[in-house]
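A.B. asks: Dropping the structure in here first, questions after.
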């Protein structure tokens, strides 16, 4: 089975799920090279759209994601990576999961997780470059 | 908090997770209207990119997804919908989850789930129109 990278301009969404707890940790995008690198290394590697380069998750923090298995959806255009997270959390804000906020119908949010680590210690030079995004002007709705 | 629809041309990926079991069921895309419709109706509504219209999951099969809570990631550009699936499965191929195949490093796949329903009964006229996709010529790698 071939992954369908064409439907999203060369990318497939990659959902990362904690293989032990079932918690959804984050979503990134892989191009074909990132997918191959993920399989070859056994560690989740994304393609950073804004930096236009591969980005091995945890390359700065050490919080890598060890691949346990990869599932593919019926259309072949999305992967679900069941992984073992190394370290206390995947989120650059210091949480186990990037989905640490509940979004309510009125647009308000509530933090529903507790901080797992201090991002100022793990990322002493600020937000990791690999996830920092240069937003297009006016990109926020 | 505003969702960032701009980063992906007006869409955000929406991961659907079974609120009870933690199983990841599918991934779809929402534009702002689909997101609003999801919140207003309490049932997951996607935007079909190929049909260029809203698509309420289960509108044909009755296998709707009742929203339990919505989580948003740190960047505000992906949502995780924890939902109660109504019916035996979300996949048009008859499985509980669209991620019913494991994809191995060599490209081979193995079905790792058992069929939950007969798609020929649920979709007597063939693949549901709302999920059928008109692939661009040569879109398969």
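The values are calculated or read from the model by the stated rules, or taken from the named source; none is laboratory data. Quick caveat, the model's predicted, so the values are computed rather than measured. Positions of Cβ are backbone-derived with ideal geometry, glycine not excepted, and every protein chain shown enters the neighbour counts.
A.B. asks: Please go through the range A:97-123 and pick out each residue that is closer than 24 Å to residue A:83 by Cα, facing chain B (nearest Cβ under 8 Å) and part of a loop (DSSP other than H, G, I, E, B).
C.D. replies: Scanning the range A:97-123 gives A:98, A:99, A:100, A:112.
A.B. asks: Every residue in the range A:19-47 that is within 26 Å of residue B:20 (Cβ to Cβ) and either touching a helix residue (DSSP H, G or I) at 6+ places or on another chain (Cβ under 9 Å) or assigned to a loop (DSSP other than H, G, I, E, B) (or both), please.
C.D. replies: A:19, A:20, A:21, A:22, A:23
A.B. asks: Scan the range A:47-63 residue by residue and report those that are more than 21 Å from residue A:119 (Cα to Cα) and modelled with pLDDT of 95 or more.
C.D. replies: Across the range A:47-63, the qualifying residues are A:47, A:53, A:54.
A.B. asks: In the list B:36, B:66, which residue meets the criterion of being surrounded by fewer than 16 Cβ atoms within 10 Å (Cβ to Cβ), at pLDDT 95 or above and within 13 Å of the chain's Cα centre (by Cα)?
C.D. replies: Checking each option against the conditions leaves just B:66.
A.B. asks: In the range A:1-18, how many are touching a residue at least 60 places away in the same chain (Cβ under 8 Å) and assigned to a helix (DSSP H, G or I)?
C.D. replies: Of the residues in that region, 2 qualify.
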